[in-house]
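The values are calculated or read from the model by the stated rules, or taken from the named source; none is laboratory data. Since we're looking at a predicted model, the values are computed, not measured. Cβ atoms come from the backbone with ideal geometry, glycine included; neighbour counts cover every protein chain shown. Just so you know, the surface numbers come from the protein's heavy atoms only, side chains and all, with ligands and any DNA or RNA stripped out. Shrake-Rupley method; radii C 1.70, N 1.55, O 1.52, S 1.80 Å.
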Amino acid sequence: FFTKRSLYQFLLATSFLWAYTFAVGAEIPVVRASVMFTVLLLARVIDRRGTLLNALGVCTIVLLVWRPSDLFSASFQLTFVSVAAIVACAFPTIEKLRSIGSWAPSVETPLPPVAARPLRRFCELLYWNEAAWRIENRRQIWSANLFKAPYLKRLSASSFKSVLAYIFEGILVSVIVQFWMLPLLVIYFHRVSPVSVLLNLWVGVVLAIESFCALFAILLSGISVWLAAPMIVLTEVLNTLMMSIPAWTSQFDAISFRVPVYSGPLKAIYWIYAAAVIMTAVRMFKWEPFVQHRRPPKTGLDILPPATTMLLAAVVVFHPLSAPSPDGKLRVDFLDVGQGDSAFVTLPNGETMLIDGGGNIDLKNDESGGFEPDSRRIGEFVVSEFLWEKGYDRVDHIVATHADADHMQGLVDVANNFRTGRILVSGAVDVDPKYSELLEVITSRDIPLRRVARGDVMEIGGTTIEVLHPSRGSSDAESSNNSSIVLRLMFGSTTVLLTGDIEEATEGDLVTLLPESLRADVVKVPHHGSRTSSTDAFVKRTDSRLAIVSVGRKSRFGHPHTEVVARWLTNGAEVITTGEKGAITITTNGNSFEINSFVP
């Protein structure tokens, strides 16, 4: 428009392009697109034919020279793999399908494509243009008859075929990208969404319309706010519409579900899968439908790469080998959830039990005990991530000790993300409104609920799990802390005592009523080491060798209090905190136990 000289066009276009890139923060996806566009424009200036694959290669080199650490960035990896899938596989495949569907005799392709009849008919359905063929046939000194399906003449005259081709190509691109990105989606997001193949089309169309509406709204706002108002409202409606469908579909496990990862040597599965995907892409790239083979193509070799890719995709998605095998030991992982509690118990037979799930404190409503979830809550990015990294997609038993959100909030996320055998609660669940969110998940996912009380005993995999508190019918406890479920785990001669947030009153009852049941080798210190708990009588009765405090590195409440730590040390216990050591793991064979922590 301004000039016909390619150099000036290049300088003008790239100036605006890079000004926009830096104005929005120079994020990796934007920089990647800008570099690629710049490379393609430069190819025109120097009279060289630029290909998308070469542009992607140059783009990758430039980005890694600029910031080498981006190679390990999830954003860079996702961007590169998705663009590579489109450029190296999707676009070449679509071009070949178009050439099959639109084939007519020519000097370059005098003979029909070498492809299966169903594939030829399908491609012709999408791309054959009867009117264009008639015009071209009249221009030649020779004449020919092409045997196409009879319904293609009618479809060629309708606009439905163009829409059908657009939908097919969109789905094909989306499927290819999903296959290429599958390991990254599992590793970084632990989510597989088959429905996203269709949602990508939905979001693409609505987003394009929304972008035009937003642009018109900006332009009109310079003239009059009243003129821009309808476009602003339409933009907001389109944005809500675009986001609502993906949010709605994410509620259905069959079309959007969470997936654990393989760890240790089994991580090699992802590299093998990547190799299979690349082999399939190379096969598709080298496929020449108009090369007439003297010998029949080796169908077995052609099918092997995609068949291997499909098989390995099933191994990644359904993860039959991800969960660790039972080793006959009792393992308790005290997770570092900041100012909160969460312990993951792996029983000797492989069954699992999650006791509390941490949570995020809302300081604005701290007096009322209210909690305000972050965009990603503790239960999502700490507890769930821990379980996924361990290879689990199921938790057999979940225990909500009491209704404080720093214990219970994370369980809501875990119950949503994992298949759950059952949830154990105290009687207070019926009278405490803070259980409402967890109860909603229990109801919606049809999870069995069991109320436990003092005297209940479970035998699982050679481990005895005994409920010491609360007593049956004590849902009206003075404090939600004192309504905590207290569990004792006994495996062989090793005992672990899990105390929730009990305080002085409940500790006194336990010392009086169950003095012999309190002895334990390992104790989860009550209420994060608060001075309202860990009385001298209680500490002496446990006679523990190890006291673990679940607390943040810098507790806003001053936990654990100095006098409480001194009390445990005086009685012969080693005191360690999750705030200093990170996740703390206790493993026992029933005779002795060993301690491991994230921070040595």
Here the relative contact order (percent) of region 401-518, from C-alpha pairs under 8 Å and at least 6 apart, is 23
Obtain the nm distance between the two label points defined at ARG450 and LEU266 by a simple spin-label model: each point lies 7 Å from its Cα along the Cα-to-C-beta direction.
2.7
Relative to the first principal axis of the alpha-carbon coordinates of the chain, what is the inclination of helix 74-85, with its axis defined by its Cα atoms, in degrees from 0 to 90 and to the nearest 10?
30
With a Förster radius of 45 Å, plug the Cβ-Cβ distance of GLU27 and GLU574 into 1/(1 + (r/R0)^6) and report the FRET value to the nearest 0.05.
0.45
In cubic angstrom per residue, the convex hull of the chain built on its Cα atoms measures 228
Gain upon complete extension [ILE135, ARG553; 0.36 nm per residue less C-alpha separation]
142.7 nm
Using a 7 Å offset from the Cα along the Cα-to-Cβ direction at both PHE122 and GLU236, what is the distance between the two label points in nm, to one decimal?
4.5
To the nearest 0.05, what FRET efficiency results for SER436 and SER244 with a Förster distance of 22 Å applied to their C-beta separation?
0.35
Restricting to DSSP loop positions (anything but H, G, I, E, B) with no more than 11 other Cβ atoms inside 10 Å of their own Cβ, which chymotrypsin sites (Phe, Trp or Tyr not before Pro) remain in region 503-600?
none
Provide the packing ranking of 388-397, 210-219, i.e. peptides ordered by the mean count of other C-beta atoms within 10 Å per residue, highest first.
388-397, 210-219
In nanometres, the difference between 0.36 nm per residue of separation and the alpha-carbon distance of SER325 and GLN9 is 107.4 nm
Relative contact order (%) - the chain, alpha-carbon pairs under 8 angstrom, separation at least six
9
Could you put ARG541, ARG531, ARG191 in order of accessible surface area, largest first, with the 1.4 Å probe and the full protein assembly present?
ARG531, ARG541, ARG191
Loop-located GluC sites (Glu not before Pro) in region 54-147, at most 16 other Cβ atoms within 10 Å (DSSP)
GLU108
Considering only protein heavy atoms, what is the solvent-accessible area of SER550 at a probe of 1.4 Å, reported in Å² to the nearest 10?
10
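Give the shape of region 408-501 as rounded, prolate or oblate, defined through the alpha-carbon gyration tensor: a ≥ b ≥ c are the square roots of its eigenvalues, a/c under 1.5 means rounded, and otherwise the shape is prolate if a/b is larger than b/c and oblate if not.
Oblate.
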Region 430-459: which trypsin sites (Lys or Arg not before Pro) are DSSP loop and have at most 16 other beta-carbon atoms within 10 angstrom?
ARG445
LYS540 to PHE598: FRET efficiency via 1/(1 + (r/R0)^6), r the Cβ-Cβ distance, R0 41 Å, to the nearest 0.05?
0.85
Return the Rg/Rh ratio of region 538-600 with Cα-based radii and a Kirkwood Rh.
0.99
Taking 7 Å along the Cα-to-C-beta vector as the label spot, tell me the TYR166-ARG419 distance in nanometres, rounded to one decimal.
4.1
Could you tell me how many degrees, from 0 to 90 and to the nearest 10, lie between the Cα long axis of helix 225-249 and the main elongation axis, the longest principal axis, of the Cα atoms of the chain?
70
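With the Cα gyration tensor of region 481-600 giving a ≥ b ≥ c as the square roots of its eigenvalues, does the rule (a/c under 1.5 for rounded; else a/b larger than b/c for prolate; else oblate) give rounded, prolate or oblate?
Here region 481-600 falls in the oblate category.
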